[in-house]
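Laboratory data are not the source of any read-out in this text; all were calculated from the coordinates shown. Predicted, not measured: the structure shown is a model, and the values here were computed from it. Virtual Cβ from ideal backbone geometry, glycine too; neighbours counted across all protein chains shown.
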Amino acid sequence: MTKTIQAVRGMNDVLPAEVPLWQFLEQTVRDWLHGYGYSEIRMPVLERTELFVRSIGEVTDIVEKEMYTFVDALSDESLTLRPEGTASCVRAAIEHNLLYQGPQRLWYGGPMFRHERPQKGRYRQFHQFGVEALGYAGPDIDIEHMVMCARLWRLLNLGDVQLELNTLGSTETRVRYRARLVQYLERHQEALDADSVRRLQTNPLRVLDSKNPAMQEVIAGAPRLLDDLDEASAAHFEAVQDGLRAARVPFRLNPRLVRGLDYYNRTVFEWTTDRLGAQGTICAGGRYDGLIEQIGGRPAPACGYAMGLERLIELMKEAAQPAPRTLDVYLVRQGERAERYAEQLAEQLRDAGLSVALHCGGGSFKSQMKKADASGARYAVIIGDDEAQAQELTVKSLRTAAEQVRVKMEEAVGRLRQAA
């Protein structure tokens, strides 16, 4: 017997019963972004590997361990399925000269790919909405990004979501801080795990992001980057905090928040929850003022963030959400003449703005009515040869005790639309 082919590990199907919640989330996010004046941009899922090595950082976990990278047999180029969206969005903005038209508020959505250990809320193909503001230097756009997130959580009826905030300062700030941090960690090297020892000389700030319980005491005693801030970075960060307080968005300062991508500077933030276990971050981002130049564009400030849809879906399952729209009509047909008439009638009902499932596959009247009931439709419209001959239809309510009626098309549409 031939072995059944299954989906690739960590790349999941979304089944019909789950799709309405995804559609509700996606439409809510699109409407919310439109309300803030952001325009959609769509980038390919496949990019040159160099883009991510140059932007994310060669010694990050994503580039070292997690990217789906291969050499294209035809072009001999190294290509990568995108592990995140910011680098692709910035590349597109540079390539198409978008910033020559002025600062850009952009958003995108779609699948990302990382070869991680699959677990709840973390998959190898996962989906994100990303928001990027290119060409904006002031703290006002940082504030907008966090304030708009707070609105989205309200729209989705999500509670128990906490904003954590930090600053990474300027490049000069991090150089000074890096030296102090390395000295401290070297004095406690015996307490570091293998990953942290490896990162000590390549990416020491990532040690602060370790989730290893055995290292938390050492991490808690590490010097704080906040104490090394230059004057401009300190003023920017204070303005961000003042703006959040004015908008009544609660936040918690987290001096250990560093983010896992090298391109961040100044403001960084995460929205977290304790309801998803170890995968508690549902949305994260910050400022990346050097990335546009780093990828090859003219220097320009920028900031942005992304949210994981799978994690939001898990939270939404616990919250009361609007029920998806039900099917209006299941059209039952039996008889030679009824077959063609029912097909025409289904199109006329759709022209009237009703959703209609036309029964296909034959079967007895009784079996068709069972399928009509199981479809979730509000009404069954029944067509036999008698109805076809008279150019009429029988309407039966599937969700109330109302009597079924046989009427002309015009009256049927009125009844069905009035009850919709």
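Here are the numbers:
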{"item": "Total charge dipole magnitude, region 60-122, about the Cα centre, Cβ charges on Lys, Arg, Asp, Glu only, Debye to nearest 20", "result": "440 debye"}
{"item": "Over the chain: helical MRE at 222 nm, DSSP H runs n ≥ 4 each giving -39500 (n - 2.57), nearest 500", "result": "-11000 deg cm²/dmol"}
{"item": "Of 401, 342, 220, the one that fluctuates the most in a GNM where the chain has Cα springs shorter than 10 Å", "result": "401"}
{"item": "Cα long-axis angle, helix 336-351 against the chain (0 to 90 degrees, to the nearest 10)", "result": "50 degrees"}
{"item": "Long-range amide H partners of residue 67 with built H, under 5 Å", "result": "115"}
{"item": "Computed over region 329-415: relative contact order in percent, which uses C-alpha pairs under 8 Å that are six or more apart", "result": "32 percent"}
{"item": "Cβ-placed point charges (K, R +1; D, E -1), dipole of the chain about Cα centre in debye, nearest 20", "result": "860 debye"}
{"item": "Distant alpha-carbon pairs in region 329-415 (separation over 20 angstrom), percent", "result": "23 percent"}
{"item": "Listed residues 263, 341, 36, most fluctuating in the chain (Gaussian network, C-alpha, under 10 Å)", "result": "341"}
{"item": "Total lysine pairs under 19 Å (Cα atoms) in the chain, excluding pairs fewer than 8 apart on one chain", "result": "7"}
{"item": "Relative contact order (%) - criterion: Cα under 8 Å, at least six apart; region: the chain", "result": "15 percent"}
{"item": "Kirkwood Rh in Å, taken over the chain so that all alpha-carbon pairs contribute", "result": "25.1 Å"}
{"item": "Projected label distance in nm at residue 242 and residue 417, using a 7 Å step from Cα toward the beta-carbon", "result": "5.7 nm"}
{"item": "Cα centroid separation, region 278-312 to region 172-218 (Å)", "result": "23 Å"}
{"item": "Global form of region 144-289, assessed from the alpha-carbon gyration tensor, a/c cut-off 1.5", "result": "oblate"}
{"item": "Considering only region 329-415, percent of DSSP beta bridges that pair antiparallel, nearest 5", "result": "45 percent"}
{"item": "Nearest-ten-degree value, helix 409-419 long axis tilted from longest Cα axis of the chain", "result": "40 degrees"}
{"item": "Prolate/oblate/rounded call for region 73-197, Cα gyration tensor, a/c under 1.5 rounded", "result": "rounded"}
{"item": "Point-charge dipole on Cβ atoms (K/R +1, D/E -1) for region 326-370, about Cα centre, debye to 20", "result": "220 debye"}
{"item": "Interchain or long-range residues, amide H under 5 Å from residue 358's placed H", "result": "331"}
{"item": "Full-extension gain in nm, residue 4 to residue 409, via 0.36 nm per residue minus C-alpha separation", "result": "141.0 nm"}
{"item": "Residues with amide H under 5 Å from that of residue 167, placed H, sequence gap 5 or more", "result": "268"}
{"item": "Mean separation of Cα contacts under 8 Å (6+ apart) over length of region 239-370, as relative contact order %", "result": "14 percent"}
{"item": "Folded to 0 to 90 degrees: helix 171-187 orientation relative to the chain principal axis, Cα", "result": "80 degrees"}
{"item": "Three-way shape call for region 218-285 based on the alpha-carbon gyration tensor, with the a/c threshold at 1.5", "result": "oblate"}
